[in-house]
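Below: the structure, in structure tokens.
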Amino acid sequence: MIALAPPWELAKLHIDASDEARMRMFESFDVNQNGLLSLGEVTTGLQNLFSSRGIVMALEPAIKHAFHAA
């Protein structure tokens with residue numbers, strides 16, 4: 001198994017279950033501030049969250065699948 005990201009990068013994905021923490025993340029991803037997230041906004045938001053763009057690129061199929069399933 002190949003590690004895609006070091007543990008300190010994966011820790012950035014942990015989001016406090018509070019509504020306030022989730023709203024802050026949503027607002028940081030919603031760059032056009034229309035109250036909806038596009039797949040592009042989610043991908044860009046994740047790229048900004050991680051210091052390595054390669055992590056998001058490696059997970060792109062899973063991100064697309066999860067986005068369309070949501």
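The values are calculated or read from the model by the stated rules, or taken from the named source; none is laboratory data. These numbers come from a predicted model, not from an experiment. When we count neighbours, we look across all protein chains shown, and the Cβ atoms used for this are built from the backbone with ideal geometry, even at glycine. Remember, those area values only see protein heavy atoms, side chains included, never the ligands or the DNA or RNA. Shrake-Rupley method; radii C 1.70, N 1.55, O 1.52, S 1.80 Å.
Restricting attention to region 39-68, which residues are of a type in the set (S, T, N, Q) and assigned to a helix (DSSP H, G or I)? Write out each step before concluding.
Going through region 39-68, the residues of a type in the set (S, T, N, Q) turn out to be 43-44, 47-48, 51-52.
Passing the criteria: T43, T44, Q47, N48.
I'm trying to understand the selection: among the residues of region 41-65, which are free of Cβ contacts under 8 Å to residues at least 12 places away in the same chain, farther than 12 Å from F29 by Cβ and in contact with a helix residue (DSSP H, G or I) (Cβ under 9 Å, 6 or more places away or on another chain)?
R53, M57
What are the pairs, 6+ residues apart or on separate chains, where a residue within region 24-37 that is without any contact (Cβ under 8 Å) to a residue 40 or more places away in the chain has its Cβ under 6 Å from a residue that is small (G, A, S)?
Going by the 6 Å Cβ cut-off, the qualifying pairs are F29/G45.
Kindly indicate the residue of region 1-27 that is within 10 Å of the chain's Cα centre (by Cα) and at pLDDT 80 or above and also least open to solvent (accessible area, probe 1.4 Å) among those meeting that condition. Walk me through it before giving the result.
First, the residues of region 1-27 that are within 10 Å of the chain's Cα centre (by Cα): 12-13, 25-26.
Cutting the leftovers down to at pLDDT 80 or above gives us 25-26.
Working: M25: 49, F26: 66 Å².
Top of the filtered list is M25.
Residues of region 35-62 being among the β-branched types (V, I, T) and surrounded by fewer than 16 Cβ atoms within 10 Å (Cβ to Cβ), which ones? Talk me through it step by step, then tell me what you get.
The first filter runs over region 35-62 and keeps only residues among the β-branched types (V, I, T), leaving 42-44, 55-56.
T44, the sole residue that qualifies.
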